[in-house]
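J.: Below is a structure I'd like to ask you about.
The values are calculated or read from the model by the stated rules, or taken from the named source; none is laboratory data. In this text, all values refer to a predicted model and were calculated from it rather than measured experimentally. With ideal geometry, Cβ positions are generated from the backbone for all residues, glycine too; neighbour counts draw on all protein chains shown. For the accessible areas, the whole protein counts, side chains as well, though only heavy atoms, and no ligand, DNA or RNA atoms are used. Shrake-Rupley method; radii C 1.70, N 1.55, O 1.52, S 1.80 Å.
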Amino acid sequence: MGPGPGNPYPEVTEALGRPLMGHLDPAFLALMDETNERLRAVWRTTNPLTFALSGTGSAGMEAAFVNVVRPRDVVVVGVNGAFGERMCEVARRCGAEIVRVEAPWGQPLDPEQLLAAHPSPAVIAVVHAETSTGVRNDVGCLGHGKGDALLVVDCVTSLGGMPVEIDGWGVDLAYSGTQKCLGVPPGLAPFTASERARERFVDRPQSWYLDLSMIADYVSAGGSRAYHHTAPISMVYALHAGLGVLLGEGLEASWARHAECGEVLQDGLARLGLEPFAAEGHRLAQLTSVVVPPDVLPTGLDEAACRRLLLDRYGIEIGGGLGPVAGKVWRVGLMGHTARLRNVTLLLAALEELFSP
Ligand SMILES: *Cc1c(COP(=O)(O)O)cnc(C)c1O
(Lines give C-alpha, C1' and ligand atoms only; values in the text may rest on other atoms or scores of the structure.)
Protein backbone atom coordinates (compact mmCIF):
# COMPACT_ATOMS: atom_id res chain seq x y z
CA MET A 1 0.00 0.00 0.00
CA GLY A 2 1.23 3.49 -0.73
CA PRO A 3 2.55 5.62 2.08
CA GLY A 4 -0.48 7.93 2.07
CA PRO A 5 -0.37 11.67 2.60
CA GLY A 6 2.71 13.22 4.09
CA ASN A 7 6.03 11.56 4.67
CA PRO A 8 5.76 8.89 7.35
CA TYR A 9 9.50 8.35 7.70
CA PRO A 10 11.24 11.74 7.38
CA GLU A 11 14.25 10.31 9.24
CA VAL A 12 14.89 7.75 6.50
CA THR A 13 14.40 10.22 3.64
CA GLU A 14 16.69 12.70 5.32
CA ALA A 15 19.34 10.02 5.85
CA LEU A 16 19.29 9.08 2.16
CA GLY A 17 20.05 12.68 1.25
CA ARG A 18 22.97 13.15 3.59
CA PRO A 19 26.35 14.12 2.08
CA LEU A 20 28.51 11.07 1.45
CA MET A 21 31.57 10.07 3.46
CA GLY A 22 34.37 7.73 2.48
CA HIS A 23 33.53 4.13 3.31
CA LEU A 24 36.63 3.87 5.50
CA ASP A 25 36.15 7.28 7.14
CA PRO A 26 36.25 6.71 10.91
CA ALA A 27 32.94 8.59 11.20
CA PHE A 28 31.30 6.19 8.75
CA LEU A 29 32.81 3.14 10.46
CA ALA A 30 31.38 4.37 13.76
CA LEU A 31 27.96 4.72 12.14
CA MET A 32 28.26 1.23 10.67
CA ASP A 33 29.20 -0.17 14.09
CA GLU A 34 26.17 1.54 15.60
CA THR A 35 23.95 0.16 12.82
CA ASN A 36 25.20 -3.34 13.65
CA GLU A 37 24.48 -2.72 17.34
CA ARG A 38 20.93 -1.69 16.42
CA LEU A 39 20.61 -4.80 14.28
CA ARG A 40 21.63 -6.97 17.25
CA ALA A 41 18.83 -5.37 19.26
CA VAL A 42 16.28 -5.98 16.49
CA TRP A 43 17.45 -9.57 15.86
CA ARG A 44 17.61 -10.16 19.64
CA THR A 45 21.09 -11.61 19.44
CA THR A 46 24.58 -11.11 20.78
CA ASN A 47 26.14 -12.67 17.64
CA PRO A 48 29.30 -10.67 16.85
CA LEU A 49 28.79 -11.36 13.13
CA THR A 50 25.64 -9.26 12.70
CA PHE A 51 25.59 -6.69 9.92
CA ALA A 52 23.85 -5.51 6.76
CA LEU A 53 24.96 -7.40 3.69
CA SER A 54 25.19 -5.38 0.46
CA GLY A 55 22.34 -6.68 -1.69
CA THR A 56 18.65 -7.38 -1.27
CA GLY A 57 17.07 -10.15 0.79
CA SER A 58 17.94 -12.73 -1.87
CA ALA A 59 21.64 -11.96 -1.35
CA GLY A 60 21.09 -12.82 2.30
CA MET A 61 19.53 -16.13 1.29
CA GLU A 62 22.41 -16.96 -0.99
CA ALA A 63 25.03 -15.98 1.62
CA ALA A 64 23.36 -18.22 4.21
CA PHE A 65 23.69 -21.26 1.94
CA VAL A 66 26.97 -20.78 0.06
CA ASN A 67 28.92 -20.26 3.28
CA VAL A 68 27.88 -23.47 5.05
CA VAL A 69 26.72 -25.99 2.41
CA ARG A 70 29.28 -28.33 0.89
CA PRO A 71 28.57 -30.61 -2.09
CA ARG A 72 26.47 -33.64 -1.06
CA ASP A 73 25.50 -32.12 2.31
CA VAL A 74 21.96 -33.00 3.31
CA VAL A 75 19.81 -29.87 3.54
CA VAL A 76 16.24 -30.17 4.83
CA VAL A 77 14.08 -27.39 3.36
CA GLY A 78 10.52 -26.51 4.33
CA VAL A 79 8.51 -25.73 1.22
CA ASN A 80 5.03 -24.18 1.41
CA GLY A 81 5.42 -21.25 -0.93
CA ALA A 82 7.61 -19.45 -3.46
CA PHE A 83 10.43 -18.55 -1.07
CA GLY A 84 10.82 -22.09 0.26
CA GLU A 85 11.09 -23.17 -3.39
CA ARG A 86 13.77 -20.56 -3.93
CA MET A 87 15.76 -21.89 -0.95
CA CYS A 88 15.76 -25.33 -2.61
CA GLU A 89 17.13 -23.87 -5.81
CA VAL A 90 19.89 -21.97 -4.01
CA ALA A 91 20.87 -25.07 -1.97
CA ARG A 92 20.77 -27.21 -5.14
CA ARG A 93 23.28 -24.89 -6.79
CA CYS A 94 25.62 -25.49 -3.83
CA GLY A 95 25.51 -29.20 -4.64
CA ALA A 96 23.33 -30.11 -1.66
CA GLU A 97 21.22 -33.22 -1.40
CA ILE A 98 17.83 -31.67 -0.69
CA VAL A 99 15.16 -33.23 1.49
CA ARG A 100 11.91 -31.35 0.93
CA VAL A 101 9.30 -31.14 3.68
CA GLU A 102 6.16 -29.78 2.09
CA ALA A 103 2.82 -28.33 3.02
CA PRO A 104 0.19 -27.07 0.55
CA TRP A 105 0.29 -23.35 -0.27
CA GLY A 106 -1.72 -21.57 2.43
CA GLN A 107 -0.93 -24.19 5.09
CA PRO A 108 1.90 -24.03 7.67
CA LEU A 109 4.80 -26.50 7.80
CA ASP A 110 4.81 -29.12 10.55
CA PRO A 111 7.91 -28.49 12.72
CA GLU A 112 8.02 -32.13 13.87
CA GLN A 113 8.14 -33.23 10.26
CA LEU A 114 11.04 -30.85 9.58
CA LEU A 115 12.98 -32.27 12.52
CA ALA A 116 12.20 -35.89 11.63
CA ALA A 117 12.92 -35.58 7.90
CA HIS A 118 16.52 -36.83 8.14
CA PRO A 119 18.61 -38.31 10.99
CA SER A 120 21.62 -36.01 10.53
CA PRO A 121 21.15 -33.11 8.13
CA ALA A 122 23.84 -30.44 7.82
CA VAL A 123 21.22 -27.70 7.57
CA ILE A 124 17.52 -27.26 8.31
CA ALA A 125 16.12 -24.26 6.44
CA VAL A 126 12.73 -22.64 6.73
CA VAL A 127 10.96 -19.42 5.77
CA HIS A 128 9.49 -17.71 8.84
CA ALA A 129 6.94 -15.53 7.06
CA GLU A 130 5.96 -16.87 3.61
CA THR A 131 5.20 -13.67 1.74
CA SER A 132 3.82 -15.63 -1.21
CA THR A 133 0.97 -17.12 0.87
CA GLY A 134 0.60 -15.03 4.04
CA VAL A 135 1.48 -18.00 6.26
CA ARG A 136 3.65 -17.97 9.40
CA ASN A 137 5.75 -21.07 9.91
CA ASP A 138 6.60 -21.93 13.51
CA VAL A 139 10.37 -21.74 13.91
CA GLY A 140 10.59 -21.11 17.67
CA CYS A 141 10.56 -24.83 18.48
CA LEU A 142 13.10 -25.97 15.86
CA GLY A 143 16.24 -24.95 17.76
CA HIS A 144 15.71 -27.54 20.51
CA GLY A 145 15.47 -30.45 18.12
CA LYS A 146 18.00 -29.42 15.46
CA GLY A 147 20.78 -31.67 16.81
CA ASP A 148 24.02 -31.05 14.90
CA ALA A 149 22.26 -29.25 12.08
CA LEU A 150 22.55 -25.53 11.49
CA LEU A 151 19.20 -23.78 11.55
CA VAL A 152 18.73 -21.27 8.72
CA VAL A 153 15.70 -18.97 8.88
CA ASP A 154 14.44 -16.54 6.23
CA CYS A 155 13.23 -13.50 8.18
CA VAL A 156 12.80 -11.17 5.22
CA THR A 157 9.14 -10.43 5.95
CA SER A 158 9.15 -11.16 9.69
CA LEU A 159 11.91 -8.93 11.08
CA GLY A 160 10.40 -5.85 12.73
CA GLY A 161 6.80 -6.93 12.07
CA MET A 162 6.49 -9.89 14.44
CA PRO A 163 8.54 -11.59 17.15
CA VAL A 164 11.94 -12.88 15.99
CA GLU A 165 14.31 -14.26 18.66
CA ILE A 166 17.59 -15.38 17.14
CA ASP A 167 19.31 -16.38 20.38
CA GLY A 168 16.15 -17.50 22.18
CA TRP A 169 15.17 -19.81 19.33
CA GLY A 170 18.64 -21.19 18.59
CA VAL A 171 18.77 -19.86 15.02
CA ASP A 172 22.24 -20.15 13.46
CA LEU A 173 21.89 -18.11 10.28
CA ALA A 174 19.20 -15.57 9.50
CA TYR A 175 18.74 -12.88 6.88
CA SER A 176 16.20 -10.18 6.20
CA GLY A 177 15.60 -7.35 3.76
CA THR A 178 15.35 -3.64 4.38
CA GLN A 179 12.18 -2.99 2.37
CA LYS A 180 9.70 -5.19 4.17
CA CYS A 181 8.82 -4.52 7.83
CA LEU A 182 11.90 -2.37 8.46
CA GLY A 183 10.45 0.29 6.15
CA VAL A 184 13.73 1.25 4.46
CA PRO A 185 14.31 1.21 0.68
CA PRO A 186 15.51 -2.09 -0.81
CA GLY A 187 19.24 -2.68 -1.06
CA LEU A 188 20.58 -4.27 2.13
CA ALA A 189 20.10 -7.66 3.75
CA PRO A 190 20.37 -7.58 7.54
CA PHE A 191 22.27 -10.74 8.43
CA THR A 192 23.35 -12.62 11.54
CA ALA A 193 25.44 -15.76 12.07
CA SER A 194 26.01 -17.65 15.32
CA GLU A 195 29.52 -18.62 16.43
CA ARG A 196 28.47 -22.21 15.81
CA ALA A 197 27.70 -21.35 12.18
CA ARG A 198 31.00 -19.49 11.80
CA GLU A 199 32.95 -22.56 12.87
CA ARG A 200 31.42 -24.39 9.93
CA PHE A 201 32.02 -21.80 7.25
CA VAL A 202 33.21 -23.33 3.99
CA ASP A 203 36.82 -22.43 3.23
CA ARG A 204 36.41 -20.95 -0.21
CA PRO A 205 32.69 -20.61 -0.89
CA GLN A 206 31.52 -20.58 -4.51
CA SER A 207 30.82 -16.87 -4.21
CA TRP A 208 33.67 -14.45 -3.67
CA TYR A 209 31.38 -11.47 -3.04
CA LEU A 210 29.32 -13.26 -0.41
CA ASP A 211 32.26 -14.90 1.39
CA LEU A 212 31.26 -14.18 5.00
CA SER A 213 34.72 -14.90 6.42
CA MET A 214 36.17 -12.13 4.28
CA ILE A 215 33.26 -9.77 4.94
CA ALA A 216 33.63 -10.38 8.69
CA ASP A 217 37.13 -8.86 8.58
CA TYR A 218 35.63 -5.68 7.19
CA VAL A 219 32.42 -5.28 9.19
CA SER A 220 33.44 -6.60 12.60
CA ALA A 221 33.89 -3.91 15.18
CA GLY A 222 37.38 -2.95 16.29
CA GLY A 223 40.73 -4.39 15.19
CA SER A 224 42.15 -3.79 11.77
CA ARG A 225 39.65 -3.57 8.98
CA ALA A 226 40.44 -5.23 5.70
CA TYR A 227 38.80 -3.63 2.68
CA HIS A 228 36.45 -6.11 1.03
CA HIS A 229 33.97 -4.04 -0.97
CA THR A 230 32.66 -0.51 -0.75
CA ALA A 231 29.72 -0.26 1.62
CA PRO A 232 26.61 1.34 0.05
CA ILE A 233 27.00 4.42 2.25
CA SER A 234 23.60 6.04 1.73
CA MET A 235 21.75 2.79 2.31
CA VAL A 236 23.61 2.23 5.57
CA TYR A 237 22.61 5.76 6.64
CA ALA A 238 19.00 4.94 5.77
CA LEU A 239 19.03 1.63 7.63
CA HIS A 240 20.65 3.27 10.65
CA ALA A 241 17.84 5.83 10.68
CA GLY A 242 15.07 3.28 10.07
CA LEU A 243 16.32 1.07 12.89
CA GLY A 244 16.45 4.16 15.10
CA VAL A 245 12.77 4.83 14.38
CA LEU A 246 11.89 1.17 15.05
CA LEU A 247 13.79 0.96 18.32
CA GLY A 248 12.41 4.35 19.33
CA GLU A 249 8.89 3.02 18.89
CA GLY A 250 9.91 -0.23 20.59
CA LEU A 251 9.97 -3.67 19.00
CA GLU A 252 6.96 -4.92 20.96
CA ALA A 253 4.99 -1.81 20.02
CA SER A 254 5.83 -2.34 16.36
CA TRP A 255 4.74 -6.01 16.52
CA ALA A 256 1.50 -4.93 18.21
CA ARG A 257 0.86 -2.23 15.58
CA HIS A 258 1.30 -4.75 12.77
CA ALA A 259 -0.92 -7.28 14.58
CA GLU A 260 -3.73 -4.78 15.14
CA CYS A 261 -3.71 -3.53 11.55
CA GLY A 262 -3.73 -7.08 10.20
CA GLU A 263 -6.65 -8.06 12.38
CA VAL A 264 -8.77 -5.06 11.44
CA LEU A 265 -7.96 -5.60 7.76
CA GLN A 266 -8.76 -9.31 7.84
CA ASP A 267 -12.10 -8.71 9.60
CA GLY A 268 -12.99 -6.00 7.09
CA LEU A 269 -12.08 -8.08 4.05
CA ALA A 270 -14.15 -11.01 5.34
CA ARG A 271 -17.15 -8.66 5.64
CA LEU A 272 -16.66 -7.79 1.96
CA GLY A 273 -16.82 -11.47 0.99
CA LEU A 274 -13.07 -12.07 0.67
CA GLU A 275 -12.26 -15.20 2.64
CA PRO A 276 -8.80 -15.68 4.15
CA PHE A 277 -6.43 -17.90 2.16
CA ALA A 278 -3.89 -18.66 4.91
CA ALA A 279 -4.69 -21.25 7.57
CA GLU A 280 -6.30 -19.95 10.76
CA GLY A 281 -3.83 -19.51 13.60
CA HIS A 282 -0.95 -19.05 11.12
CA ARG A 283 -1.99 -15.84 9.40
CA LEU A 284 0.57 -13.10 9.03
CA ALA A 285 -0.60 -9.61 10.00
CA GLN A 286 1.91 -7.92 7.71
CA LEU A 287 0.81 -9.89 4.63
CA THR A 288 -2.86 -10.73 4.36
CA SER A 289 -3.89 -13.19 1.66
CA VAL A 290 -7.51 -13.56 0.61
CA VAL A 291 -9.33 -15.62 -1.98
CA VAL A 292 -11.00 -13.43 -4.60
CA PRO A 293 -14.22 -14.97 -5.94
CA PRO A 294 -14.93 -13.56 -9.42
CA ASP A 295 -18.53 -12.71 -8.46
CA VAL A 296 -17.53 -10.07 -5.87
CA LEU A 297 -15.63 -8.08 -8.50
CA PRO A 298 -17.24 -5.17 -10.35
CA THR A 299 -18.87 -6.36 -13.58
CA GLY A 300 -16.44 -6.54 -16.46
CA LEU A 301 -13.29 -6.43 -14.32
CA ASP A 302 -11.00 -9.33 -13.55
CA GLU A 303 -8.92 -9.34 -10.38
CA ALA A 304 -5.87 -7.77 -12.09
CA ALA A 305 -7.96 -4.94 -13.56
CA CYS A 306 -9.51 -4.37 -10.15
CA ARG A 307 -6.07 -4.07 -8.53
CA ARG A 308 -5.06 -1.67 -11.28
CA LEU A 309 -8.11 0.46 -10.54
CA LEU A 310 -7.21 0.51 -6.84
CA LEU A 311 -3.83 1.89 -7.78
CA ASP A 312 -5.00 4.42 -10.35
CA ARG A 313 -8.04 5.73 -8.49
CA TYR A 314 -7.04 5.47 -4.84
CA GLY A 315 -3.23 5.20 -4.89
CA ILE A 316 -3.32 1.81 -3.20
CA GLU A 317 -1.11 -1.01 -4.45
CA ILE A 318 -1.93 -4.57 -3.48
CA GLY A 319 -0.32 -7.75 -4.75
CA GLY A 320 -1.72 -10.58 -6.84
CA GLY A 321 -1.24 -14.29 -6.30
CA LEU A 322 1.98 -16.11 -7.23
CA GLY A 323 2.57 -19.56 -8.70
CA PRO A 324 -0.36 -21.94 -8.22
CA VAL A 325 -2.61 -19.21 -6.81
CA ALA A 326 -1.96 -16.59 -9.51
CA GLY A 327 -5.26 -14.92 -10.45
CA LYS A 328 -6.99 -16.43 -7.43
CA VAL A 329 -5.74 -14.54 -4.38
CA TRP A 330 -4.81 -11.03 -3.38
CA ARG A 331 -1.94 -10.25 -1.06
CA VAL A 332 -2.16 -7.07 0.97
CA GLY A 333 1.01 -5.87 2.63
CA LEU A 334 0.95 -3.80 5.81
CA MET A 335 4.65 -3.53 6.50
CA GLY A 336 6.73 -1.05 8.44
CA HIS A 337 5.36 2.50 8.16
CA THR A 338 2.45 1.36 5.96
CA ALA A 339 1.01 -0.68 8.85
CA ARG A 340 -1.35 2.15 9.88
CA LEU A 341 -5.06 1.95 10.57
CA ARG A 342 -5.71 4.86 8.21
CA ASN A 343 -4.35 2.73 5.33
CA VAL A 344 -6.66 -0.12 6.34
CA THR A 345 -9.65 2.24 6.45
CA LEU A 346 -8.77 3.64 3.04
CA LEU A 347 -8.45 0.22 1.40
CA LEU A 348 -11.67 -1.13 2.92
CA ALA A 349 -13.59 1.99 1.89
CA ALA A 350 -12.15 1.84 -1.63
CA LEU A 351 -13.10 -1.80 -2.04
CA GLU A 352 -16.58 -1.15 -0.72
CA GLU A 353 -16.99 1.61 -3.29
CA LEU A 354 -15.66 -0.59 -6.10
CA PHE A 355 -17.73 -3.60 -5.13
CA SER A 356 -21.05 -1.76 -4.72
CA PRO A 357 -23.22 -2.17 -7.82
C1 LIG B 1 10.97 -10.50 -0.46
C2 LIG B 1 11.43 -11.82 0.03
C3 LIG B 1 12.68 -12.38 -0.31
C4 LIG B 1 13.57 -11.78 -1.34
O5 LIG B 1 14.00 -10.53 -0.99
P6 LIG B 1 14.50 -9.48 -2.11
O7 LIG B 1 14.79 -8.27 -1.29
O8 LIG B 1 13.36 -9.29 -3.07
O9 LIG B 1 15.70 -10.03 -2.77
C10 LIG B 1 13.05 -13.58 0.27
N11 LIG B 1 12.26 -14.20 1.15
C12 LIG B 1 11.05 -13.70 1.51
C13 LIG B 1 10.22 -14.44 2.50
C14 LIG B 1 10.61 -12.49 0.97
O15 LIG B 1 9.42 -12.00 1.29
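J.: Residues that are surrounded by fewer than 21 Cβ atoms within 10 Å (Cβ to Cβ) and not acidic (Asp, Glu), at least 3 per element: which helices (runs of 4 or more DSSP H) completely within segment 185-249 meet that?
T.: On the way: elements: 195-199, 212-219, 233-249.
Counting at least 3 such residues, we get 212-219, 233-249.
J.: Check whether at least one residue in segment 145-157 is charged (D, E, K, R) and within 30 Å of residue 232 (Cα to Cα), and report yes or no.
T.: Yes.
J.: Check segment 164-178 and report whether any residue there is touching a Ser or Thr at 6+ places or on another chain (Cβ under 9 Å), under 22 Å from residue 17 (Cα atoms) and part of a loop (DSSP other than H, G, I, E, B).
T.: The answer is yes, given that some residue of segment 164-178 is touching a Ser or Thr at 6+ places or on another chain (Cβ under 9 Å), under 22 Å from residue 17 (Cα atoms) and part of a loop (DSSP other than H, G, I, E, B).
J.: Something else: For the structure I just gave you, tell me whether residue 357 is modelled with pLDDT under 95, open to solvent by less than 30 Å² (accessible area, probe 1.4 Å) and not in a helix (DSSP H, G or I).
T.: Answer is no for this residue.
Here's the yes/no breakdown for (1) assigned by TED's automatic domain parsing to the domain that holds residue 206; (2) without any contact (Cβ under 8 Å) to a residue 40 or more places away in the chain; (3) not in a helix (DSSP H, G or I):
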position	(1), (2), (3)
64	yes, no, no
86	yes, yes, no
106	yes, no, yes
109	yes, yes, yes
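J.: How many residues does segment 47-62 contain that are within 16 Å of the ligand (Cβ to nearest atom), among the polar types (S, T, N, Q) and assigned to a loop (DSSP other than H, G, I, E, B)?
T.: First pass over segment 47-62, keeping only residues within 16 Å of the ligand (Cβ to nearest atom): 52-62.
Going one step further and asking which of them are among the polar types (S, T, N, Q), we end up with 54, 56, 58.
From what is left, the residues that are assigned to a loop (DSSP other than H, G, I, E, B) are 56.
So the answer is 1.
J.: Would you pick out the residues in segment 269-318 that are part of a loop (DSSP other than H, G, I, E, B) and open to solvent by 70 Å² or more (accessible area, probe 1.4 Å)? Outline the logic, then answer.
T.: Filtering segment 269-318 for residues part of a loop (DSSP other than H, G, I, E, B) gives 272-275, 277-282, 284-286, 292-293, 297-302, 315-318.
Of everything in segment 269-318, those that are part of a loop (DSSP other than H, G, I, E, B) and open to solvent by 70 Å² or more (accessible area, probe 1.4 Å) turn out to be 275, 280, 299, 300, 302, 317.
J.: Checking residue 133 against (1) of a type in the set (S, T, N, Q); (2) surrounded by fewer than 16 Cβ atoms within 10 Å (Cβ to Cβ); (3) touching a Ser or Thr at 6+ places or on another chain (Cβ under 8 Å): exactly one of these is not met. Which one?
T.: The single condition residue 133 does not satisfy is (2).
J.: Please enumerate the residues belonging to segment 115-137 that are in contact with a helix residue (DSSP H, G or I) (Cβ under 7 Å, 6 or more places away or on another chain) and within 21 Å of residue 197 (Cα to Cα).
T.: 115, 124, 125, 126, 127
J.: If you scan segment 102-120, which residues turn out to be closer than 14 Å to residue 151 by Cα, in contact with an Asp or Glu (Cβ under 8 Å, 6 or more places away or on another chain) and crowded, with 17+ Cβ neighbours inside 10 Å?
T.: 111
J.: Right, something else. Could you say which residue among 126, 90, 79, 68 is more than 28 Å from residue 275 (Cβ to Cβ) and within 16 Å of the ligand (Cβ to nearest atom)?
T.: On inspection, the qualifying residue turns out to be 90.
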